[in-house]
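Report on the following structure.
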Amino acid sequence: MPPKSVISSDCPSDACIKFNGSTDYINCGNKPSVQITGDLTLVYWAKPVNVASARQNPLCKSYGAEFCLTMEPAGSLSYYHGSAGRNASPYMGFGSSGMFSNGTWVHVAVTRNVSGRRMKSYKNGSYKSTVTWTSDKDPSVSLAYNLQIGAGYVSKFNGFMDEVLIFNRTLSDFEICSLCHEHDPTGSTCTC
């Protein structure tokens, strides 16, 4: 079942997508354009309905291959990628605490720099954390898994999403801040 489009002044871009947490998600397929194993930036706005209900995937390809994002029940964001080429080990992961709360829009960004083997996370345009990984966990291509918005290997996302962007390069701090301010729903959400 496709998610519902919502037109509201509450949405960052005046129209967003509502995911019901059970059947709604967007299947983006598995074309070469989404099989990104190099530099990467994932960006989106999210307004979860029930963070604590379960682990939920707002955006996922494969946690043991290209990338996967998970909203954890305590409100943190987990990022994964790996060399397995499927949802299996070996993979690397890192978390950013305090990212999500019920009923509040948040601008999420994660960057991956492959040559430096460095991941960075951002909340509301501001830098949160960095982690590095080893070569045995470099991202790989998964031919079996499609890119999904609102779904993945755990529970489906329950809430609203807007402005989902995937770049095959590492955006700068300035670019991430600019993207946040471009559609800030309150005019004061972005802290950069």
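The values are calculated or read from the model by the stated rules, or taken from the named source; none is laboratory data. Just so it is clear, the structure is predicted and the values come from calculations on it, not from any experiment. Neighbour counts are summed over all protein chains in view; Cβ atoms, including those assigned to glycine, are modelled from backbone coordinates with ideal geometry.
Identify all residues within the stretch 22-52 that are within 22 Å of Ser126 (Cβ to Cβ) and either in contact with a Phe, Trp or Tyr (Cβ under 8 Å, 6 or more places away or on another chain) or not in a strand (DSSP E or B) (or both); write none if there are none. Walk me through how you get there before you give the answer.
Here is the first cut: in the stretch 22-52, the residues within 22 Å of Ser126 (Cβ to Cβ) are 39-48, 51.
Matches in the stretch 22-52: Asp39, Leu40, Thr41, Leu42, Val43, Trp45, Ala46, Lys47, Pro48, Val51.
If you check every pair at least six apart or on different chains, which have Cβ atoms under 6 Å apart with a residue in the stretch 36-59 that is closer than 13 Å to Asn113 by Cβ first and a residue that is among the aromatic types (Phe, Trp, Tyr) second?
Pairs found: Thr41/Phe167.
When the residues of the stretch 1-21 are filtered to those that are over 18 Å from the mean Cα position of the chain (by Cα) and not in a loop (DSSP other than H, G, I, E, B), which remaining residue is modelled with the lowest pLDDT?
Looking at the filtered set, the residue picked out is Lys4.
Out of the stretch 22-50, which residues are under 13 Å from the mean Cα position of the chain (by Cα) and of a type in the set (Phe, Trp, Tyr)?
Tyr44, Trp45, listed by residue number.
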